Amino acid sequence: MFNFRTDLASERREIYQKANQLEEIDGIETNQEEINENIKVERVKITNENGEKAIGKPIGNYITIDIKKLKIAQEEEIQKAAEALTKELKQIVGNHIDSQGEILVVGLGNIYVTPDALGPKVINEIEVTRHIINYLPQYVEEGTRMVSAISPGVLGTTGIETVEILKGIVDNIKPKLVIVIDALASRSIERISSTVQLSDTGIVPGAGVGNTRSEISQKTLGIPVVAIRNTNCCRNSSFSK
């Protein structure tokens, strides 16, 4: 298998096509949408084992949202990017559960290490509703989805594989779907903090930087796992030695 040096399915597809001089890859479907001159959405769907083997990603959907000049973007542009992400997230979640299905949001990473702190920081901004619906339902608008959230830390500080922690939680609270939020490695330094990838195939924490941990997916948890990942590091050979 190629040493792709990236977690992005879109980059892996490009690398494989170029290396094998292919116009298309059997088992991989793609389409692109330009929201405006600064926001582009690319959807990669792996449909069979040939596509899976070609780029080393499981069968499923991968959506990459590129936002140019995000570091200097104005409020209006940031709002447009957020709307694009919201639209894609609603679609991918809606493919697996209904509008009332309970969700567990998981922030992966180490809050004390800046490139790996995205997940835990996002968890602090999640509007959790499970406890209110369970104990104070009279104060909740009808139709509100049950949402809970956790930041389980990392193996080095807990001594426990993240998937082991999540199995215990899933078995007890029985959500219908897990959303994991984590950092992601790209081969392009230009993508740092400017690219988000959504997928419905789960995640292997640390795989992008050669520190592979146990898989978090439907296979290990028994329910669908959607991953939201932001590019926080680069594995281009010029920067990874």
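The values are calculated or read from the model by the stated rules, or taken from the named source; none is laboratory data. Model, not experiment: these values are computed from the prediction. Quick reminder, even Gly has a Cβ in these numbers, built from the backbone with ideal geometry, and neighbours come from all protein chains shown. Just the protein is used for accessible areas: all its heavy atoms, side chains included, with ligands, DNA and RNA removed. Shrake-Rupley method; radii C 1.70, N 1.55, O 1.52, S 1.80 Å.
General remarks:
- Checking every one of the GluC sites (Glu not before Pro) in the stretch 11-56 against DSSP loop status and a limit of 16 other Cβ atoms within 10 Å picks out Glu23, Glu24, Glu37.
- Comparing Ile179, Ile165, Ile111 in a Gaussian network model of the chain (Cα springs below 10 Å), the most mobile by mean-square fluctuation is Ile165.
- With a threshold of 31 Å on the Cα-Cα distance, the over-threshold entries among Lys40/Lys167; Lys121/Lys167; Lys18/Lys40 are Lys40/Lys167.
- Highest mobility in the GNM of the chain, judged by mean-square fluctuation with C-alpha springs under 10 Å and restricted to Asn172, Asn38, Asn48, is found for Asn172.
- Applying both filters, DSSP loop and at most 11 other Cβ atoms within 10 Å, to the GluC sites (Glu not before Pro) of the stretch 89-135 gives Glu125, Glu127.
- Inter-site label distance for Glu76 and Glu142 at 7 Å from Cα along Cβ, in nm: 4.0 nm
- 10 Å Cβ shell holding at most 13 others, DSSP loop, chymotrypsin sites (Phe, Trp or Tyr not before Pro): longest site-free stretch of the chain: 113-238
- Cα-based shape type of the stretch 60-188, given that a ≥ b ≥ c are square roots of the gyration tensor eigenvalues and the cut on a/c is 1.5: oblate
- When the chain is treated as a GNM with alpha-carbon contacts under 10 Å, the residue of Gln79, Gln218, Gln21 showing the greatest mean-square fluctuation is Gln21.
- In a DSSP loop and with at most 13 other Cβ atoms within 10 Å, there are no trypsin sites (Lys or Arg not before Pro) in the stretch 129-168.
- Solvent-accessible area of the stretch 6-121 (1.4 angstrom probe, protein heavy atoms only): carbon and sulfur portion equals 48 percent.
- Counting only aspartates and glutamates at least 8 places from Lys80 when in the same chain, those with an alpha carbon closer than 18 Å to its own are Glu33, Glu34, Glu37, Glu42, Asp66, Glu88.
- 1.4 Å probe accessible area per residue over the chain, in Å²: 55 Å²
- Value of Rg/Rh across the chain [Cα atoms, Kirkwood radius]: 0.96
- When the C-alpha to C-alpha distance is required to be over 32 Å, the pairs from Lys90/Lys219; Lys71/Lys219; Lys90/Lys174 that qualify are Lys71/Lys219.
- Net +/- balance of residues flanking Leu221 in space, Cβ distance below 10 Å, scoring K and R +1, D and E -1: 0
- Taking amide H as placed 1.01 Å from N in the peptide plane, the amide H of Glu102 sits under 5 Å from that of Lys176, each at least 5 places away or on another chain.
- Accessible surface ranking that places the most exposed of Asp182, Asp171 first, with a 1.4 angstrom probe: Asp171, Asp182
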